[in-house]
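*Asks:* Please find one structure pasted underneath; my questions will follow.
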Amino acid sequence: MKRRLMFPVFLVFAFSGCGEHAPVSVLLTPKAYGTQIVEQSGGKQAGGVGARLPEPVVVQVNGADGNSVAGALVVFSGDGVIFTPTRVLTDENGQVSATVQLGSIHGSYPFIAQTPKQGGGIADVELRGIALGYQEKVGKQVSDKYCRMCHDPESTTERVSNFENLAQPAPHVFSDGTVLNSISDADLYKIIADGGPAVGKSPQTPAYRNTLASSEIKSVIAYMRAIADPPYPPQTAK
Amino acid sequence: MSEAKVPKPSEDEGLMDRRRFVKTGSTSLAIAGVGACVFGIRYLSPNVLYEPSPVVNVGKPEQYRAGSVTLDTKNGIFVVREAEGFYALSAVCTHLGCLTVYKAETGEIACPCHGSTFRRDGTTIGGPAPKALPWLKMWLGDDGNLQVDRSSNVAARSEYVQA
Amino acid sequence: MTAQTTLGRVIKFLAGSPARRFASISVVLAIVASIAPTKDLFSEWRYYQRQYKQLIRHRPDGARLQKNFQGGIQQIWIPERHVTDRCSTCHVALQENSLADQRKQPFRPHPPMPHTLNEFGCVICHNGQGAATTVTEAHYSTKEWEQPILPTRYLEASCGQCHMEPLEGTPQLNLGRRLLARYGCAHCHAITQPDGSRIMPVDEPPSLEHIGEKTSREWIFSWLKNPQVYAVSSTMPNFRFSDQEATDIANFLVSQSDASVNSTAPAPASFALPPAEQAAVDGPGVYGMLFCASCHATQNSKGALLGGELAPEITRVGSKVKVDWLRRWLKAPQGYDPKTRMPRYRFDDKQIAMLTAYLLTKKDEDLLANVHLDPSDRQSVERGKKLATDYGCAACHRINGIAPPEGFAPDLSRIGSKPLFQVGFLRGMPETLPDYISGKIRDPRAFGPALKMPRFTLDDSQVEALTTALLAQTDRAVTMPPELVRSVPLAKYHPGGDTGRLMEDLRCQSCHSINGNGGEMAPDLTREGSAVQRGWLLDFMKNPDTLRPALIRRMPKFNLSDEEIHKLSDYMLNAYQAPGFDSEALDLRSLDAGAAARGRELFYTKYACQACHIADYKKDKGYVGPALADVGDRLTPVWMYKWLKDPNAVAPGTVMPNPRLADKEAKDLTAFLVTLRAKKKGGAK
Amino acid sequence: MSTERVATRQRETRLLNPWHALERWQTDIRGILSARVLESQLGFRKTWYLGALTLGAFTIQISTGLLLMLYYHPSIPQGYADMKDLEFVISSGTLLRSLHRWSAHAMVFLVFVHMAKAFYRAAYRPPKELNWVLGVCLLLLTLLLSYTGYLLPWDQLSYWGTTVGANIMSSIPWFGPKLRFYMLGGHTVNANALLRFYVLHTMILPLSMLTLVSVHLWRLHKDGGMYEVDEEGRPLLHAKDARASGEEGIALGKEKTLSYSDLLFREVTAIEALAVVLLTIALIWKAPLEQLANPMHTPNPAKAPWYFTGLQELLHYFPPFVAGIILPGMIVSGLIFIPFLPIFDNVKTYQAIEWFRGKRARWTTGAVLILVMSVLLVRQHAWDAVAPFWIVVLLTSFAAGYRVGPINGFRKWLREKPVSFWIMTLFLMEAVVLTAVGTLFRGPGWSWVWPWRG
């Protein structure tokens, strides 16, 4: 009686064991292997809480000689983030695109795209999706209306950016974490509310104290913190 | 029902005699009673109260004339505006809980039930009321309305709300 | 054997005599009865509250959190809103912002939002069952409750239950409502808003009463088969007609088309089209000069759309329209379709000929290459008419012989609370209301081949926006007490008198909005009368040039006669005054040269106005605001002064920040601005 | 003082002393309880303590009902909200509500079985015939209690169950609609109906139930307790017991005897056992609650609780007036008249087999009955109403069995059964089969559905 029991137990262990090592290979067999994986586009997008990012995330697998590898397997993974598809083979020009749906908590969602390398081991690239909560969304709307013309260098046919027409020092792009992360929230509030000169910066930033409500200014700051790259460190509870 | 001639009843094996039976019976009844009480108390005390929240909004400061004593009947509060500022008096008579009324002509607060009378600052003048009308915690909300917390009293003359 | 006896002995001991039986059953009853209160002790919400106490014990501000924490069932009770929400029983830390770093629910604080918790409770926005204190009942739909939690990405729909005006925090809802109006959903579906009004469609589906004059059967056939092949940005949906159905409808439309007013107008004697090569060369110049791109978009070689979206895309107009129709249309659009938004431009014949030739060169050879229809016959026209009636074409387009159908498609006013047992889900699709709605929008026919709803070309974000707008239409929204509803006043203003007819003829309100009614592409003229000087206005009307050189959309030249210009200018200067605006508020004498110099210094250094405005084309490059090089001619000094004092009061919603200028500074700046004149005019004020 | 005055003084003090009054009561009670009777007359085998169990279920109903009344408001929005509160907020509220619901089902079941058991031990014979009629009234009261109680949660099932019931009422010709109007306090089931049902369910019906039960118990003792009594009230013993006891009194010798206190003791144990069962069921299965009543949507199928599905099954076959009023009316009046119909008078044991064989008239009635049943089967496919009839016919023919082999065991027992036994068995089987089919085999649109395919 006892011996007959042992066999099914052993079977279970066998399967669960091999499940751990190479989940990748069990389902989709890659036709080729690259050595590194590079983000093509859509790496640092901001989208509404719980919603899909506006553009799909596109990554490319390159071989040792630097050109793209077709048929390599790419797996996306990140906690709280849903990818469609989660694992896919690269197309003929070595690229793969997946739509990303963020979790329901506002904040940044780091996720990675991995590809198995030739001799074993895994190459990956870190990407990030930003989920904008209610306050960040208001901040985005306000900054799109009042700040974007000067602070966003990229122009489109519909919207011409005023970035180049401004005297030096050029305005900071809102996602420029290296500079903005060091400025405290209070100082940022002072700059927006009382204009550049109040903090010794260029008068090209007008004072918005009488145009924007204080909640709107706080939401712009929240938006800047959300899309800051490198990410703005979350305040530790003071 | 006729009385049947009955021989001595057949004896159960002497499980327990009467005294022990009464003892165990009463202890088990006691345990059952305690269980019932615990159950009853938990069941009878509602875990959720459908009562209005103690903090009430008594409106904009501007609507109260200087020197006026206004009864807010919905919440049972007097909103008094003095030179030093605003304060709120509970309108519930400290004697037996009737709702007092402000008599503008005599400048006194009077209770219709048993004739207690109070001054504008709540202190008692006459009648059976044992204590003065308590001052209630009042502050200016950030939406510009005066807020009063009916459940927390403050010492008389301790706080005036400037608006 | 031994098992037998031990069991027998046990039974004998337990149930041997009535007294023993009574004793053992009483013990069992006591045990079972004691389970009841204990079952209550292990309820779900107590488990979460115990977990919360453990969580905050070893946090830095644990003491404060402990003091704030109230055990037991918490309830937000708002009787007048029928709200009894007990969500804060498990979501204990809703108002503890120090727990913001918690990533796992239920102990997260509520993110910042425009309302406080005890103003409306939780269920009004998040749906779910407020009265419940277990997770399954509160969050998911069960036999006892049909409104599961609204997914976070559709949360803005709940704002739409009271707010009808576009809010800053609800971009997706605003886009969804604009799409409902722009894509013509409101033509077929009645959607009542919280204040009782219906969503009005803003797209202008062209009238088909004289379609025969305009285009050929073949074009109509290919358009019905797939509109987006002809015009990528067209909002016309795809009804997926079979070839036979498309042919029948095309035959019917052509047969029902009658003569338009234009067709009776006499053709001008000397009308000859310039040859195609010359049109290809000079055409773009004329086309650009008349700024047709302000309203009509065209697809460039890379496929990007250039131009406005007010009017249909004309990338391939050449393969659609007939020459004669185009020529008469450019002459007088209202002659063909009285309700069109296109103004009558008063082109001269040469311009019309050049434009017609140029537009005809915008052809797509293979659009109608393989479309060969056999001649129309009476049965085909009959079938076409029946199809047109069945598919509700008359709901959008005006067609002779078919009255616009009433209640053609289901009323969507309460779709947000549609009970799930009335919903026919597809096999394998997640059984939630948002998925049903977005699935129905993406592919209606998948739910039933007999359904008449066409498929619209919408991308993912547009479908999500539409779903959000529809999810806002809940029972609660439609029965919202009036004091809670923030409605948008419906502006119906149209200028009156014969100037009104002139402005009607010129379709000013297609681009400009006056007193709230009109387009958003051009500036608001409601207060133009008190802003501009008469001289500048007359010049501008003669040949309008732009105040914002960066934008490609400009006011077109209408070739107005002087008499029309004077009539328009006088009407505007007198009728469109800013309310309570006294034009003598500033004594012009104080604007002397000294003030102008101080003004210049303020303009360039203190407030760096040159960042957004151009005062001198050579020095400044700011494109954000209008160019101020000739503002002295354009605006009246008093308007400038009032504008500088508080721009938003004078023109609500303007991007110009209000630097809260002192009176003196405002006067100096005005003095400086008055000196900025267009060089060629010069001379005294 | 003279002894005589002392005696009167003692008598007076005795009379005035409350403890003495108590003693007198005690002796009375002990007298009643100590009367000893043959166990066979009083034991479990005789009555299965069903009466006591029903009373136990009723006490559970009253206690849980009273507790629930503390939180229930009979009004349209608040009533359902209270059901939610009971389920989610009030400590052990779900338990009380479930217990109330399941012991209601138990009580109805127990009343049916109690009636059947009483009938099969011929407890309706004089002097207890009026007590039997009282029992039938109690059965009706129990059904009414559960019908009115069914509306109070005001969810979909209760709203539509009540609507169906009210429309059956209005199918009575002449005064039907008027009766429905008074029952509902309006033309539709809404606030008035809920209030009237609430008052019925919590005041009128329970009180009348209590009075009738106490009368029922009082008559039980007056008519000689469990054992049969002859006209003068002397215990009428079965032949077997009579032989054992010898002469007129009961020389009980080796027979085990029971006093009433013993019986009470056993019945309390039985009631506690019932309480244990019901409590466990209530702890495991929650009382079902559906969405709030929605007059614009009828759930499909709108099934009545199990004790009314038999009636609903009949409604499926016959027009409402016939199935709703005539048939139930006949059944109830039939039940009431059982003790007064000669056929049920078991003293002259009508051996069914002999009774039937003899008379030609009885042959014709039998034939007519079979004809009616088969027409019913063909026209209405009401085979589930006809099946029990065939079973009874088969059993009787098996019992009769004429010359086939020796008559012993089950066949012998069956042959001795009187006609009344067969009539009651037929009707009970009808009730059971109709209820089972109605509850388990009926799906949406009252169509036939196999339960496992559900």
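*Asks:* Of the residues B:SER53, B:SER28, B:SER45, only one is within 30 Å of D:GLU87 (Cβ to Cβ) and surrounded by 12 or more Cβ atoms within 10 Å (Cβ to Cβ); which?
*Replies:* Of B:SER53, B:SER28, B:SER45, the one residue that is within 30 Å of D:GLU87 (Cβ to Cβ) and surrounded by 12 or more Cβ atoms within 10 Å (Cβ to Cβ) is B:SER53.
*Asks:* Take the range C:421-444 and flag every residue that is closer than 23 Å to A:GLY50 by Cα and part of a helix (DSSP H, G or I).
*Replies:* Listed by number, the residues that qualify are C:LEU433, C:PRO434, C:ASP435, C:TYR436, C:ILE437, C:SER438, C:GLY439, C:LYS440, C:ILE441, C:ARG442.
*Asks:* Restricting to the range C:121-140, name every residue that is facing another protein chain (nearest Cβ under 10 Å), assigned to a loop (DSSP other than H, G, I, E, B) and crowded, with 19+ Cβ neighbours inside 10 Å.
*Replies:* Of everything in the range C:121-140, those that are facing another protein chain (nearest Cβ under 10 Å), assigned to a loop (DSSP other than H, G, I, E, B) and crowded, with 19+ Cβ neighbours inside 10 Å turn out to be C:GLN129, C:GLY130, C:ALA131, C:ALA132, C:THR133.
*Asks:* Give all pairs with beta carbons closer than 6 Å in which a residue from the range A:154-172 that is under 20 Å from A:THR205 (Cβ atoms) and more than 8 Å from chain C (Cβ to nearest Cβ) meets a residue that is open to solvent by 40 Å² or more (accessible area, probe 1.4 Å) and of a type outside the set (Phe, Trp, Tyr); count only pairs at least 6 apart in sequence or on separate chains.
*Replies:* Filtered contacts from the range A:154-172: A:SER161/A:PRO153; A:SER161/A:SER155; A:PHE163/A:PRO153; A:PRO171/A:HIS151; A:HIS172/A:VAL179.
*Asks:* Condition check: away from chain A (no Cβ under 14 Å), touching an Asp or Glu at 6+ places or on another chain (Cβ under 7 Å) and surrounded by fewer than 21 Cβ atoms within 10 Å (Cβ to Cβ). Does C:ARG178 satisfy that?
*Replies:* no
*Asks:* Let me ask you something else. Return the residue satisfying two criteria in turn: it lies in the range C:591-611 and is within 8 Å of another protein chain (Cβ to nearest Cβ) and surrounded by fewer than 18 Cβ atoms within 10 Å (Cβ to Cβ), and of such residues it is farthest from A:ALA207 (Cα to Cα).
*Replies:* For the range C:591-611, the residue satisfying everything is C:THR605.
*Asks:* Moving to a separate point now. With within 28 Å of the chain's Cα centre (by Cα), surrounded by fewer than 14 Cβ atoms within 10 Å (Cβ to Cβ) and either in contact (Cβ under 8 Å) with a residue 40 or more places away in the chain or in a helix (DSSP H, G or I) (or both) as the only criterion, which of C:ASP366, C:ASP411 stands out?
*Replies:* Criteria check complete, one pass: C:ASP411.
*Asks:* Of the conditions (1) more than 14 Å from chain A (Cβ to nearest Cβ); (2) closer than 23 Å to C:VAL463 by Cβ; (3) assigned to a loop (DSSP other than H, G, I, E, B), C:GLU204 fails just one. Which one is it?
*Replies:* The single condition C:GLU204 does not satisfy is (2).
*Asks:* Quick one: is B:GLU84 in a loop (DSSP other than H, G, I, E, B), more than 20 Å from the chain's Cα centre (by Cα), away from chain D (no Cβ under 14 Å) and modelled with pLDDT of 90 or more?
*Replies:* So B:GLU84 fails the test.
*Asks:* Related question: Of the conditions (1) modelled with pLDDT of 85 or more; (2) under 20 Å from C:ASP545 (Cβ atoms); (3) away from chain A (no Cβ under 11 Å), C:ILE614 fails just one. Which one is it?
*Replies:* (3)
*Asks:* Filter the range A:179-238 for residues that are under 26 Å from the mean Cα position of the chain (by Cα) and among the aromatic types (Phe, Trp, Tyr); which is nearest to C:ASP61 (Cα to Cα)?
*Replies:* Restricting to residues being under 26 Å from the mean Cα position of the chain (by Cα) and among the aromatic types (Phe, Trp, Tyr), the top hit is A:TYR232.
*Asks:* Within the range D:97-135, work out how many residues are in a helix (DSSP H, G or I), aliphatic (A, V, I, L, M) and at pLDDT below 90.
*Replies:* Count: 2.
*Asks:* I've got another one for you. Select from the range A:56-96 the residues that are touching a Pro at 6+ places or on another chain (Cβ under 7 Å) and surrounded by 19 or more Cβ atoms within 10 Å (Cβ to Cβ) and list them in ascending order.
*Replies:* Once the filter is applied, which keeps residues that are touching a Pro at 6+ places or on another chain (Cβ under 7 Å) and surrounded by 19 or more Cβ atoms within 10 Å (Cβ to Cβ), the range A:56-96 yields A:ALA72, A:LEU73, A:GLY78.
*Asks:* Give the residue that is surrounded by the fewest Cβ atoms within 10 Å (Cβ to Cβ), with candidates limited to residues of the range A:203-213 that are more than 7 Å from chain C (Cβ to nearest Cβ) and touching a residue at least 24 places away in the same chain (Cβ under 8 Å).
*Replies:* Checked the range A:203-213; the qualifying residue surrounded by the fewest Cβ atoms within 10 Å (Cβ to Cβ) is A:LEU212.
*Asks:* Which fully enclosed helices (runs of 4 or more DSSP H) of the range C:472-524 have 1 or more residues being under 17 Å from C:LEU568 (Cα atoms) and open to solvent by 30 Å² or more (accessible area, probe 1.4 Å)?
*Replies:* Per the criteria, C:497-506, C:508-511.
*Asks:* Output the residue which, of all residues in the range D:50-71 that are among the hydroxyl-bearing types (Ser, Thr, Tyr) and open to solvent by less than 20 Å² (accessible area, probe 1.4 Å), is nearest to the other protein chains (Cβ to nearest Cβ).
*Replies:* Of everything passing the filter in the range D:50-71, D:THR64 is nearest to the other protein chains (Cβ to nearest Cβ).
*Asks:* If you go through the range C:141-173, how many residues are under 20 Å from C:ASP435 (Cα atoms), small (Gly, Ala, Ser) and either within 14 Å of chain A (Cβ to nearest Cβ) or open to solvent by less than 20 Å² (accessible area, probe 1.4 Å) (or both)?
*Replies:* Adding up the residues that qualify gives 3.
*Asks:* With the condition being more than 22 Å from D:TRP306 (Cα to Cα), at pLDDT below 80 and more than 29 Å from the chain's Cα centre (by Cα), I'd like the helices (runs of 4 or more DSSP H) fully within the range D:338-454 carrying at least 1 qualifying residues.
*Replies:* Ranges flagged: D:352-358, D:360-380, D:383-400, D:409-415.
*Asks:* Can you find a residue in the range C:52-73 that is in contact with a strand residue (DSSP E or B) (Cβ under 8 Å, 6 or more places away or on another chain) and away from chain A (no Cβ under 14 Å)?
*Replies:* No, every residue in the range C:52-73 fails to be in contact with a strand residue (DSSP E or B) (Cβ under 8 Å, 6 or more places away or on another chain) and away from chain A (no Cβ under 14 Å).
*Asks:* Something else: Quick check on the range C:87-120: of everything there that is in a loop (DSSP other than H, G, I, E, B) and under 22 Å from C:MET480 (Cα atoms), which residue is nearest to the other protein chains (Cβ to nearest Cβ)?
*Replies:* Residue satisfying both the conditions and the ranking: C:MET113.
*Asks:* Right, something else. Output the residue which, of all residues in the range C:11-51 that are in contact (Cβ under 8 Å) with a residue 60 or more places away in the chain and open to solvent by less than 60 Å² (accessible area, probe 1.4 Å), is farthest from C:THR89 (Cα to Cα).
*Replies:* C:SER43
*Asks:* Same structure again: Mind checking which pairs have a first residue in the range D:201-224 that is at positive phi and a second that is at pLDDT 95 or above and open to solvent by less than 60 Å² (accessible area, probe 1.4 Å), Cβ under 9 Å, 6 or more apart or different chains?
*Replies:* Pairs that qualify, where the first residue is at positive phi and the partner is at pLDDT 95 or above and open to solvent by less than 60 Å² (accessible area, probe 1.4 Å): there are none.
*Asks:* Please determine, by comparing only the residues of the range D:159-176 that are in a helix (DSSP H, G or I) and among the small types (Gly, Ala, Ser), which one is farthest from D:THR298 (Cα to Cα).
*Replies:* Filtering first and then ranking leaves D:GLY176.
*Asks:* Just checking, how many residues over the range A:127-178 are under 20 Å from the mean Cα position of the chain (by Cα) and of a type in the set (Gly, Ala, Ser)?
*Replies:* 7
*Asks:* While we're looking at this one, here's another question. From C:PRO449, C:PRO434, C:PRO430, grab the single residue that is more than 30 Å from C:ILE220 (Cβ to Cβ) and at pLDDT below 90.
*Replies:* C:PRO430
*Asks:* Further question on the same structure: When you check C:VAL423 against the structure, is it more than 14 Å from chain A (Cβ to nearest Cβ) and open to solvent by 30 Å² or more (accessible area, probe 1.4 Å), yes or no?
*Replies:* no
*Asks:* Determine whether C:LYS214 is within 24 Å of C:GLU365 (Cα to Cα), in contact with a Phe, Trp or Tyr (Cβ under 6 Å, 6 or more places away or on another chain) and among the basic types (Lys, Arg).
*Replies:* So C:LYS214 fits the description; yes.
*Asks:* Being aromatic (Phe, Trp, Tyr), within 11 Å of another protein chain (Cβ to nearest Cβ), in contact (Cβ under 8 Å) with a residue 60 or more places away in the chain and open to solvent by less than 50 Å² (accessible area, probe 1.4 Å), is that true of even one residue in the range A:134-150?
*Replies:* Yes, there is a match, as at least one residue in the range A:134-150 is aromatic (Phe, Trp, Tyr), within 11 Å of another protein chain (Cβ to nearest Cβ), in contact (Cβ under 8 Å) with a residue 60 or more places away in the chain and open to solvent by less than 50 Å² (accessible area, probe 1.4 Å).
The values are calculated or read from the model by the stated rules, or taken from the named source; none is laboratory data. Treat the numbers as computed from the prediction; the structure is a model and nothing was measured. For neighbour counting, all protein chains shown are included, and Cβ atoms are generated from backbone atoms with ideal geometry for every residue, glycine included. When the accessible area is computed, the model is the full protein with side chains, heavy atoms only, and any ligands, DNA or RNA have been set aside. Shrake-Rupley method; radii C 1.70, N 1.55, O 1.52, S 1.80 Å.
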